[in-house]
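The values are calculated or read from the model by the stated rules, or taken from the named source; none is laboratory data. Only a predicted model underlies this, so the values are computations on that prediction, with no experimental measurement involved. So basically every Cβ, Gly included, is an ideal-geometry build from the backbone, and we count neighbours across all protein chains shown. With ligands, DNA and RNA removed, areas are computed over all heavy atoms of the protein, side chains included. Shrake-Rupley method; radii C 1.70, N 1.55, O 1.52, S 1.80 Å.
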Amino acid sequence: MSYTEPLNMHSANYLAVCTHDDWRQMASVRTVGMNALRAIEAGAQLLSSGGGGDTHLPRMLVEDAIRRFGPVQLLSSDSLAPRTPVCCTGLVGSVVSFGEKPAGAEVFEKAIQSLCRYKGSQVTAVFPYECAGANAFLTLAHASVQRLPVLDLDFMGRAFHSLTQTTPTLHGLDLAPAVVTSTDGTVVLLDKVDNRGLENFIRPMMRKLGGWGALAAFHEPHEIANRTAVSGSYSRAWGLGKLYIENLENNGFDLRRTLAKLHEQSVLRSLGSGYVVDVHWTTRSQGGRRSPAAIFTVFMESGNDGVIVSGEHLRLDAMHEFLLVSQNGQVIAQAPEIISVIDVRTQKALQTSSLKQGMKVEIISLPPAPDWASAVGRSLSDPSYHGIKLPADK
C-alpha cells in the first residue's frame, strides 16, 4: 500500500467522521459544562499529535471557571450575523512554562481588550487558534470568566507548533494585528506582518515574557473567520473523545480491541503496538533556529493495518509533534495526518517529550482537516517542512 492511499482515505473521510451520530449530537449541545470536559480532554489529547501541551492544568482552570461563572456557550458556524466581530485566542510559547507560572483569565482578557481597542470594536465571540492540547481548554477557561461565547472552529484542526501553520496562511490572510500579553502586565502589539513574520517575532519574545504569553489575533467579521477556519473543532474533539472512552468501557478497557473497533468504523487508523526500545534526541535547524528533534525506535509486537510488519522495528520521527512513521524504508504515515502514540498503561495519548524507553505503546493516525491534504497544506505541514527527509529521499 502506498502512503498516498491512507492520506486520501483520511481526507475524504474527515467530514464523514465528523457527521457520526456523536458529532451530530454535539451540534445540539450549545453549552460546554463539567460533563463534557472528560470527552473533550481525551479528544484534544488524541488530536495533539504529541504536541499542544499537557491538558491537566488547563482543564482544572476550566472546571474552576465553570463552577464560578457557569458553562460556556458554544456557537455553531451559522449562529452569528456575518459582520459580527470575532477573534482567536490561545497560549503562545511553552505550556511547560505556563504550568510553572500559571495565570488566570485576566491575561487573556487584557490581550483581547487591547486588540479590540486597536481595531475600534468589541468582539462578540472568541475561538481557539488551536483546538487541541492545552489551548482547547484555555479558550474555554477565559471565555467562561468573561462570559463570552466560543465559536466551534479553529485554525488548525489539530496541534501544530507554528502560527504559520494556520488555515489563514492557506487563504493568504494574516493573523495580525495581534496582541501578546504576559503575566507581568506587558502588552505587545504586532501589525503589518505576515504569519511567518508573526511567528518569528513572537518566538524569541517568549524568553523575555516568562516563557509564555496570551495571544489575541484575527479580529475580523465572523463571515471571514468562518470561511477561513476548520469548522466543528470542539464537536470533533468531544465526539472523538466520547467514542474513545465509550469503546474503552465497552471493551473492558482493552486498548487494542478498542482501537481495532474504531479502525473498523474509519474513525482512525490503528497501526499497531510495540515497545519503545530506543530514544534519540538531538536538534534540527528550522526557520533559522535550532529546535529539538527525536527519533524513536519501536519494536512492533503487532501490526494492524496490513502494512506494518510484526517482529521488526518501526521508526517515529518527531519534533514538536510526531511527524513521520516508517518501517523498512516505507512511509506508513506522515503529517499532516495526526499521528498519536498512546501509552498502553494509562491509555492516554502521549506528548513527544513523555515517550520513554521501555514504554508499551499503540500507534494510531487520524485524518487531518481537508485543508491540510491540499498541496499548499502539505507544504506547510509535512515532514519536509520541518527538514525531515522521507526514507526514499535519504
field: Pairs where the first residue, in segment 53-67, is over 14 Å from PHE108 (Cβ atoms) and the second is surrounded by 16 or more Cβ atoms within 10 Å (Cβ to Cβ) and charged (D, E, K, R), C-beta under 8 Å, 6+ apart
entry: THR55/GLU41; ARG59/GLU41
- line: When every residue in segment 180-190 that is touching a Ser or Thr at 6+ places or on another chain (Cβ under 9 Å) and open to solvent by less than 10 Å² (accessible area, probe 1.4 Å) is compared, the one nearest to LYS110 (Cα to Cα) is THR181
query: Does GLU220 satisfy being surrounded by fewer than 24 Cβ atoms within 10 Å (Cβ to Cβ), in contact with a Cys (Cβ under 8 Å, 6 or more places away or on another chain), touching a residue at least 40 places away in the same chain (Cβ under 8 Å) and not hydrophobic (A, V, I, L, M, F, W, C)?
result: yes
- line: Of (1) farther than 23 Å from ARG236 by Cβ; (2) open to solvent by less than 60 Å² (accessible area, probe 1.4 Å); (3) basic (Lys, Arg), ARG83 satisfies every one except (2)
Number of the condition not met by PRO177 [criteria: (1) buried (at least 18 other Cβ atoms within 10 Å of the Cβ); (2) of a type outside the set (Gly, Ala, Ser); (3) under 22 Å from the mean Cα position of the chain (by Cα)]: (3)
- request: Residue by residue through segment 331-378, note down the ones that are of a type in the set (A, V, I, L, M, F, W, C) and closer than 14 Å to GLY50 by Cα.
  value: ALA335, ILE338, ILE339, VAL341, ILE342, ALA349, LEU350, LEU355, VAL361, ILE363, ILE364, LEU366
message: Please go through segment 110-144 and give me each residue that is out of contact with any Leu (no Cβ under 9 Å at 6 or more places or on another chain), surrounded by fewer than 24 Cβ atoms within 10 Å (Cβ to Cβ) and either free of Cβ contacts under 8 Å to residues at least 12 places away in the same chain or not in a loop (DSSP other than H, G, I, E, B) (or both), ordered by number.
response: LYS110, GLN113, CYS116, ARG117, LYS119, GLY120
Near pairs, Cβ below 8 angstrom, 6+ apart or cross-chain, from segment 369-385 (farther than 20 Å from PHE322 by Cβ) to any residue that is modelled with pLDDT under 90 and not basic (Lys, Arg): PRO370/SER11; PRO370/TYR14; PRO370/LEU15
field: Hits in segment 126-140 - residues which are of a type outside the set (A, V, I, L, M, F, W, C) and under 11 Å from LEU47 (Cα atoms)
entry: GLU130, GLY133
message: Please determine whether any residue of segment 191-204 is closer than 18 Å to TYR118 by Cβ, in contact (Cβ under 8 Å) with a residue 12 or more places away in the chain, open to solvent by less than 30 Å² (accessible area, probe 1.4 Å) and assigned to a loop (DSSP other than H, G, I, E, B).
response: yes
- prompt: Just for segment 365-394: of the residues that are open to solvent by less than 60 Å² (accessible area, probe 1.4 Å) and small (Gly, Ala, Ser), which one is nearest to PRO336 (Cα to Cα)?
  reply: SER381
field: segment 249-278, residues that are under 27 Å from PRO383 (Cα atoms) and open to solvent by 50 Å² or more (accessible area, probe 1.4 Å)
entry: HIS263, SER266, TYR275, VAL277, ASP278
task: Kindly indicate which of PHE155, PHE98 is open to solvent by less than 10 Å² (accessible area, probe 1.4 Å), under 22 Å from LEU240 (Cβ atoms), touching a residue at least 60 places away in the same chain (Cβ under 8 Å) and not β-branched (Val, Ile, Thr).
output: PHE155
- prompt: So which residues in segment 279-311 are surrounded by 13 or more Cβ atoms within 10 Å (Cβ to Cβ), of a type outside the set (A, V, I, L, M, F, W, C) and modelled with pLDDT under 90, if there are any at all?
  reply: ARG284, GLN286, GLY287, SER291, PRO292, GLU301, SER302, GLY303, ASN304, ASP305, SER310
task: State all residues of segment 323-356 that are closer than 19 Å to ALA44 by Cβ, open to solvent by 10 Å² or more (accessible area, probe 1.4 Å), part of a loop (DSSP other than H, G, I, E, B) and in contact (Cβ under 8 Å) with a residue 12 or more places away in the chain; if no residue qualifies, say none.
output: GLN347, LYS348, LEU350, GLN351
message: Residues that are touching an Asp or Glu at 6+ places or on another chain (Cβ under 8 Å), at pLDDT below 95 and not aromatic (Phe, Trp, Tyr): does segment 337-347 have at least one?
response: no
statement: Those residues of segment 180-203 which are within 19 Å of LYS101 (Cβ to Cβ) and either within 20 Å of the chain's Cα centre (by Cα) or not charged (D, E, K, R) (or both) amount to VAL180, THR181, SER182, THR183, GLY185, THR186, VAL187, VAL188, ILE202, ARG203
message: Going residue by residue through segment 295-308, is there one that turns out to be under 22 Å from the mean Cα position of the chain (by Cα) and more than 22 Å from ALA42 (Cα to Cα)?
response: yes
